[in-house]
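Here the structure is laid out as structure tokens; the discussion comes afterwards.
The values are calculated or read from the model by the stated rules, or taken from the named source; none is laboratory data. Values in this document were obtained by computation on a predicted structure and should not be read as measured data. Quick reminder, even Gly has a Cβ in these numbers, built from the backbone with ideal geometry, and neighbours come from all protein chains shown. What goes into the accessible areas is simple: the full protein's heavy atoms, side chains included, and nothing from ligands, DNA or RNA. Shrake-Rupley method; radii C 1.70, N 1.55, O 1.52, S 1.80 Å.
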Amino acid sequence: MPLGRGITAIVIAGVAFSAIAQQFGGSSSDQRQAPAPLPSTPTPPSGSISPQSAPAPQNLPPPAQPPQAFPPQAQGQQTGQPPSNQAQAPGQSAPQSQPPSPPQPQVDESALRYFASQGDTRRLDAEIARLRALYPNWSPPTDLNQLSAPIVAGPPPDPDIDRFWSLFSEGRIAEARAAVAERTARDPQFRLPQDLATALDTAEARTRLVNASDNGQWRTVLDTATQTPSLLTCANIDSLWRVAEAFAKTNQAARTRDVYTYILTNCANPAERLATLQKALPLLPEQQIADLLRYERKTGTDQDDFSEIRDQLALRRVDRASSDSKQTASAEDLAAVETLAQESTDSGAALVLGWYYYHHNEPEKARQWFQTAFDRTPEQKAAEGLALTLRALNRFLEAENLAYEWRDRSPENLSAYKDIFVATLTQDPPLRLDPRVLSSAVPVITRDQFYNGAQALGWYSYNTGQFATARGWFDKALDWKPDDEPSAYGLALSLLRLNNRNAFNGVANEWRTRSQRIADLADGIYDRAASTTDLTPTGPLTSGGPLNPRTAVANPPPAQTQSAPVSSRGGYDPRQGYDPRQPQTDARPVDQRSSIPANGAMTGAPMTGAPMSSAPMSSAPMAGASMNGAPMDSRQAVTTTRQTTDTRLNYDNRQPASARATADYASPVEPAPPVTRQRSYEAVEEIQVERPRAVATVTTARPAPSAGGGGGGGTGGGGGRQSCASGNAYTLPAASALSLGWCLMELNRPMEAVTAFDQAIKRGNASTKQEAAYGKTLAYLRKDLTKEAAIAAAEAPQAPQRRTELQATILSQRALAAYRDGRYTEALLALGERARIVPEQNDLMIIRGYAYYKLGRYNDALKVFQAVQRTGYSEDAAAGLNVVQEAIRPSRQF
Amino acid sequence: MMGRRKARIGTLAALLVSALLWGGPGTTAHAANPETRRLEGTVSPENWQAYKSRFVEGTGRVIDNANGNISHSEGQGYGLMLAFAAGDRAAFEQIWTFTYTEFLIRDDGLAVWKWDPASTPKVTDRNNATDGDILIAYALAKAGVAWKEQRYTIMAQRIARALGRTGISKTTGRSILLPASQGFGPNDRPDGPVVNLSYWIFEAIPTLAQLAPEYDWNGLWREGLSILQQVNASKMRLPPDWLSIRDRTQYRPADGFPPEFGYNSLRIPLYLLRAGMTDVEWLKTIKQRWLGNEGVAVVNVLTGQIRERLTDQGYRALSATLACALDQSRVPDDLKTFEPNLYYPSTLYLLSMSLIGEKYPQCL
């Protein structure tokens, strides 16, 4: 059976099929209207491919059928086309396994035979050399010598034909065509020899087919194949592959399989046979590939080895199951893929195994494979898989580190980073975190308005005693997702800790109808005093795994009548579900354990181990810095909680370790960016309450005012609200106005004091002026109005000592303000300026250390903290050293 | 099968012959009458040789040497037309071989428009360009009849049908020529449909109508003139290369293109004259500009400002042809010798001189 028939039938049938589909689809082309018949299919000189006469077998012979003989006439002119050398695909070697006689020329020998027939030995030799170069295993036919004989007796050779062949054999098809056209124009009787016509048609068709295929013009590929059956031979295996692809791309998978079956049935080259299956892999469903595998030749000289295809199929099956935990791969497939992964140098199979085990609950195996993949090719999928797997193994810090590093590579990597970040922050007990973990998340969270991240920062801050910061982040989360109940709950809890009743009431009012637990919180503050002693720390807190606060309300865990774990732990776990029958008792401001003296609680509680310890408020700058949630945040918390009844202080001896962990490893959390949407319970008022308190301590540090001032000792804002000497500053004599100013300062009402001092400056004598300017400067300083303070200081000349004192205070405030705003270099400049006029005190050295730290000047930071440490033990310095060392050497895993 | 094909071709050839006698769409409100060009023998062998040696590769590729030596379907079409006009069958076959194997690979039977020797794959834009398609089909049809070459005629018909199917849009109720099958239709862009009036190669339309009579070539022909008239009556006067006709009451330059009467549009007078449509009103508008002080130029159609004066021989040949056709002016001596430099103006030169040689020999 002539070789061409089967494949032509396939192609024609396929095109007809597509034509039918096309018509049903409503459109048609003229090629469809005039199907298949156009090919100028001349009768080949010997042998024949005659698509018109071929019975059209729809199914190819069964696998057992031996390879067919190839037609002696050959079409595989390989050089005619510049870009299409794909035809010499993997290991282009001639079929050696064919029976020796008759020879099986898959190679196009038409030019060769022509030159032989012309006795043109020079060209004949050139053509043999060319074909040998193309087909290393090819040997020239032995019958060439006989060809020249009969020609001699025939008509004289046509030199034009000679030239045409010559151009053809050099691949100059257009020029050959042009030469033929010229001859035809000159000599209308001229007829192109059929073999040359076929050779030219085939070469053109191949070029066109390759171009169409390269450009995804599949119908052109199929049309061309239909019109040029001479192209569909084993010598043109690249064209066959492209035709198969065209069928696949036009949803004719069965035709695709037919073409591959044809190749495996008829074409002998082992490398091409294997390549055929490789081509089939991405195009055909598994079962059809399996069918093709049955054509593997296991006997004879040219045996096939299709094992790599079987491995690929196993890989495909494992891959399919790799993202679906409900599908399992067979042990054989897994073993095959593991072998494949071990033996290969790329990461593909290892990745598949990683994902498979990740989704099938074998994280340790998954980690090993992801690690292997990552080591071979550090790319985004491997990084994502490895990070997720580390998280699944509760190796949060490693997971976070890796995920962070790769976060910008792809949306998946970013998503993994976010998930891991949230999981890392919401662990209980809180993990000891590198400050980088927190600081680097802030830009991502802000950029993407990632409310879960903001909420996680809120909980982390809350659970590490940084309530002001917690409040800021919960606020931010609500800003981005106003209906996020867990964030509202966190906000409410934070506000309670901050003793900010007004703001708390605002939240409670807004949420009361939507969140029972917030309502209970509001009610509980006043109605339910202490009943937590009998609560035991059971429940969700003790279970591991990532937290998802959002599910807290949606999926309440079974009611735990004795849960309220936080009350005995000091930390709130957002996982804890809401149970109306069991209000969250942890939030009660007055725990019965609050009978523990506040001071005792502070010093004894693990809280004090936080990076910013609860050192007495000896240093105003420190308190000032803490305002903004800079590293001193926990001090802020302490400041606040000391004055309220801290619900967090119910530490229990039952859980010292865990509680200590909470505090010891807390990293300072950066403050939330400004909330854009103002809510009624916004932070503004709180700042007003707290700031004077902090600044008040400035007066503690200053030398007592010299005269008439009524004492300078600030009381930290805790003073009563008694009134000063009666009178209106505007009508009082200057000296009285001055006294009123000092009195108001005493009462921590600095802005009113400014008015009084102003009057004294206006009307007083030189010494009164001087004193009043001094007072005014202090008043502004207390309000953190550094610029105004500097101006006031210049309103009247001051004694040198006092001038220095004011200048130093102004500079320290400037440094603190700069530090708060993250302008660390400016903070250092101000500190430097200050250090030139007065010795730098320890608290400011701590600020200096943190400023160095923030700027990444770890060694400078270390030196500063060590210097403070040498002046005597300082918890602040110890904490600073700790933080810097953490930055230099990443912390160990907890 | 062969017999049936032959029979069909016989009919086709008869149709084409009758095309020569076709009254066609000229019997409309327009006074302009379409003429068919003989074309063959209107480019001298010397001029063609000079063109071919400079712009046609041995592979049959026509090179646009002003555009990074790329090729495009328009260039292949012009190459075929000029080879036919010069009676060079060999060159025609050569250019056709390249056109067929490298350009005519689209599933819809049209030509990809852009081919870059420096790229892999060489085709850098698979979209078609309908002017290139029209030129190729027109040249094939001409050559098929003149040289009795059925391969050409079959392909001409195939392309004409594909053009009728995808190049003519009737979505607006009128038959317009889309510049390409993708990207210019009413649903492809907010200001679509967008047309390029220089894609209306009027002399080819009767031939295409004979090849694929089932499509509305007549309406297409009329619509091209109508759009041109409307532009002429508008403030713009000159059509921008890319024109949005979405708003029927107010055509405007298409978004994203310079609002210029540019290298595309300056072919319009030549195409009108080649089709014998000398009494189209707009020709007076362009005559004022070209034969006044301005000369052939790229002009901003909104401001009337000149961006670039075009002085190459090929562009001056355009205005000389206009002067010849409308005023019987003689062609200046310095235009009588072909001095090929760049592909595009050289092509315009040969097409201009081909027309003058065929229809206005008195201008020489």
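A few points about this structure:
- Leading residue by the ranking (modelled with the lowest pLDDT) among those in the stretch A:445-470 that are in a helix (DSSP H, G or I) and open to solvent by 10 Å² or more (accessible area, probe 1.4 Å): A:N463
Table: residues versus (1) at pLDDT 95 or above; (2) open to solvent by 10 Å² or more (accessible area, probe 1.4 Å); (3) out of contact with any strand residue (DSSP E or B) (no Cβ under 6 Å at 6 or more places or on another chain).
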{"site": "A:N236", "(1), (2), (3)": "no, no, yes"}
{"site": "A:A244", "(1), (2), (3)": "yes, no, yes"}
{"site": "A:A253", "(1), (2), (3)": "no, yes, yes"}
{"site": "A:L264", "(1), (2), (3)": "no, no, yes"}
{"site": "A:C267", "(1), (2), (3)": "no, no, yes"}
{"site": "A:A271", "(1), (2), (3)": "no, yes, yes"}
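- Among (1) assigned to a loop (DSSP other than H, G, I, E, B); (2) open to solvent by less than 10 Å² (accessible area, probe 1.4 Å), the one test that B:D241 misses: (2)
- Of all positions in the stretch A:223-230, at least one carries a residue that is surrounded by 19 or more Cβ atoms within 10 Å (Cβ to Cβ), within 9 Å of chain B (Cβ to nearest Cβ) and part of a helix (DSSP H, G or I).
- In the stretch A:169-191, the residue that is most open to solvent (accessible area, probe 1.4 Å) out of those that are in contact (Cβ under 8 Å) with a residue 12 or more places away in the chain and within 12 Å of chain B (Cβ to nearest Cβ) is A:E170.
- Candidates A:T372, A:T377, A:T389 - the one that is in contact with a Pro (Cβ under 6 Å, 6 or more places away or on another chain) and either open to solvent by less than 10 Å² (accessible area, probe 1.4 Å) or polar (S, T, N, Q) (or both): A:T389
- Test: residue in the stretch B:214-221 that is within 14 Å of chain A (Cβ to nearest Cβ), of a type in the set (D, E) and free of Cβ contacts under 8 Å to residues at least 12 places away in the same chain: no
- Matching residues in the stretch A:839-866 - criterion: being under 30 Å from A:Q801 (Cβ atoms), open to solvent by less than 30 Å² (accessible area, probe 1.4 Å) and free of Cβ contacts under 8 Å to residues at least 60 places away in the same chain: A:G849, A:A851, A:V864
- So A:A335, is it over 22 Å from the mean Cα position of the chain (by Cα), open to solvent by less than 10 Å² (accessible area, probe 1.4 Å) and over 29 Å from A:P443 (Cα atoms): no
- Considering only residues in the stretch A:392-411 that are in a helix (DSSP H, G or I) and over 15 Å from the mean Cα position of the chain (by Cα), the one that is surrounded by the fewest Cβ atoms within 10 Å (Cβ to Cβ) turns out to be A:E398.
- Only residues that are open to solvent by less than 30 Å² (accessible area, probe 1.4 Å), closer than 13 Å to B:Q182 by Cα and within 10 Å of chain A (Cβ to nearest Cβ) were counted in the stretch B:109-131, giving 1.
- Residue tally, condition small (G, A, S) and closer than 17 Å to A:A423 by Cα, over the stretch A:371-408: 5
- Residues (open to solvent by less than 10 Å² (accessible area, probe 1.4 Å) and either more than 7 Å from chain A (Cβ to nearest Cβ) or of a type in the set (D, E) (or both)) located in the stretch B:96-108: B:T99, B:F103, B:L104
- Residue in the stretch B:141-158 that is away from chain A (no Cβ under 12 Å), under 19 Å from B:A254 (Cβ atoms) and of a type outside the set (S, T, N, Q) present: no
- Every pair of residues 6+ apart whose Cβ atoms lie under 6 Å, when the first sits in the stretch B:265-294 and is on the phi > 0 side of the Ramachandran plot while the second is of a type in the set (D, E) and open to solvent by 10 Å² or more (accessible area, probe 1.4 Å): B:G276/B:E35
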